[in-house]
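Take a look at the structure set out below.
The values are calculated or read from the model by the stated rules, or taken from the named source; none is laboratory data. Values in this document were obtained by computation on a predicted structure and should not be read as measured data. As a convention, Cβ positions derive from the backbone with ideal geometry for all residues, glycine included, and neighbour counts pool all protein chains shown. Surface accessibility is based on the protein's heavy atoms, side chains included, excluding ligands, DNA and RNA. Shrake-Rupley method; radii C 1.70, N 1.55, O 1.52, S 1.80 Å.
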Amino acid sequence: MKRILVTGALGQIGSELTLLLRERYGAENVLATDIREPSGKLAESGHFEMLNCTSQAAILDMFKKFNPDTVYHLAALLSAVAEAKPQMAWDVGLNGLFKVLEAAREVNAAVFTPSSIGAFGPTTPLDNTPQDTIQRPTTMYGVTKVAGELLCDYYHKRFGLDTRGVRYPGIISYETLPGGGTTDYAVDIYYKALQDGHYTCFLKQGTSLDMMYMPDALEAAVNIMEADAGALKHRNAFNVTAMHFTPEEIAAEIRKHIPGFSMDYDVDPIRQGIADSWPNYMDDSAAREEWGWKPAYDLASMTVDMLANLRKKLNIS
Ligand code: NAD
Ligand code: SER
């Protein structure tokens, strides 16, 4: 029987992952935590507690009370917010992870920690980025992600803690808005296409980035934690991707459904600089070989699903 604690559960990923985990493992076995009050489906579907991941005492207390065997540690600041608040990004992203790992050691819980395409940098091979390669990121987000990967591997080797993670690309979803990342444009564009028929993109033409639709991101999180430990040669963290595209390619896909849709550009130098330092597309063969990673959605099928669900959500016929 799994007993799962989720940190940062109200964010873009946690708000959907928590519901999936409750469906799979039973609502009473999944505790959602965050630093803000929940509402809607997440609040109604199960137990919630306030938990700030920068407090060692609060984390340890919560872990001892709930006694999880698995922790999905999602609390972090995304790339653009982290560049604006680097000290806080380090405190939440890395000090928070250290405290969660220490508490997990006390209760012997497995820990899932998402890394990111942000764990790579400009000196990484940016095409078909290998699983094991140069990681010299130039953002605070990336610094916390590389250090976090190393820390999780250290806790596995040194203390035998079952730590696992994936390097998520940009996640696209319609339930909860993204929390301030560089790949957020690929969510915003669907909302603006339906609401205004026009989108002004903050990344420039030709910027290729890896992306993934939320249902695949959730399957990745659950499947890697369910994988046979003996089959894992890597742990923190696996490259995973489902598609890669440029702003003009996603716009062209949307135009197949909304023919009048137009896009122009007003480039944000901060987020453009971050995007330019990240892979154009990653090689995720290690995840496919070691734990059967296989995404279901590509750009075409995701676009059909995103537009259908957003039409319902925004009440647009
Ligand atoms: P998000 O910004 O949407 O949510 C993060 C949540 O953490 C928020 O609900 C926030 O309230 C909470 N939080 C912030 N500070 C906290 C603290 N001190 N203690 C406890 N909770 C705190 O992020 P997300 O998109 O859901 O991302 C979750 C994880 O996945 C992060 O590690 C992120 O880096 C990683 N990731 C996300 C993406 C993406 O595209 N969404 C891509 C790659 C990796
Ligand atoms: N979507 C995330 C970001 O842009 C990637 O880690 O920050």
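Quick rundown of the values:
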| read-out | value |
| --- | --- |
| Strands (runs of 3 or more DSSP E) wholly inside the stretch 167-281 that include at least 2 residues being under 18 Å from M306 (Cα atoms) and within 15 Å of ligand 2 (Cβ to nearest atom) | 170-172, 209-213, 243-245 |
| Cross-chain or 6+ apart pairs with Cβ under 8 Å, the stretch 83-102 first and under 12 Å from Y155 (Cβ atoms) and open to solvent by less than 80 Å² (accessible area, probe 1.4 Å), then part of a helix (DSSP H, G or I) and of a type in the set (F, W, Y) | L101/Y155 |
| Cβ-Cβ under 7 Å pairs, at least 6 apart or on other chains, the stretch 177-196 side without any contact (Cβ under 8 Å) to a residue 40 or more places away in the chain, far side part of a loop (DSSP other than H, G, I, E, B) and among the small types (G, A, S) | V187/S173 |
| Search result, residues across the stretch 27-57 that are more than 13 Å from ligand 1 (Cβ to nearest atom), open to solvent by 20 Å² or more (accessible area, probe 1.4 Å) and of a type outside the set (A, V, I, L, M) | E28, G40, K41, E44, S45, G46, H47 |
| D188 vs. criteria charged (D, E, K, R), touching a helix residue (DSSP H, G or I) at 6+ places or on another chain (Cβ under 6 Å) and at pLDDT 95 or above | no |
| Every residue from the stretch 261-277 that is in contact with a strand residue (DSSP E or B) (Cβ under 9 Å, 6 or more places away or on another chain) and not β-branched (V, I, T) | F261, S262, M263, D264, Y265, D266, A275 |
| Those helices (runs of 4 or more DSSP H) lying entirely in the stretch 47-151 with at least 2 residues away from ligand 2 (no atom under 16 Å from the Cβ) | 56-66, 96-107 |
| Test: K157 is more than 13 Å from ligand 2 (Cβ to nearest atom), touching a His at 6+ places or on another chain (Cβ under 7 Å) and in a helix (DSSP H, G or I) | no |
| Unique residue being within 16 Å of ligand 1 (Cβ to nearest atom) and of a type in the set (S, T, N, Q) when the list is T183, T133, T123, T138 | T183 |
| Subset of the stretch 283-306 (residues that are aliphatic (A, V, I, L, M) and either over 19 Å from the mean Cα position of the chain (by Cα) or surrounded by fewer than 15 Cβ atoms within 10 Å (Cβ to Cβ) (or both)) | A296, A300, V304 |
| Subset of the stretch 89-147 (residues that are within 20 Å of the chain's Cα centre (by Cα), closer than 23 Å to S208 by Cβ and hydroxyl-bearing (S, T, Y)) | S115, S116, T129, T138, T139, Y141 |
| Only one of N280, N309, N239 that is touching a residue at least 40 places away in the same chain (Cβ under 8 Å), in contact with a strand residue (DSSP E or B) (Cβ under 7 Å, 6 or more places away or on another chain) and open to solvent by 10 Å² or more (accessible area, probe 1.4 Å) | N280 |
| Hey, Q205 in contact (Cβ under 8 Å) with a residue 24 or more places away in the chain, in contact with a Leu (Cβ under 7 Å, 6 or more places away or on another chain) and surrounded by fewer than 16 Cβ atoms within 10 Å (Cβ to Cβ) or not | no |
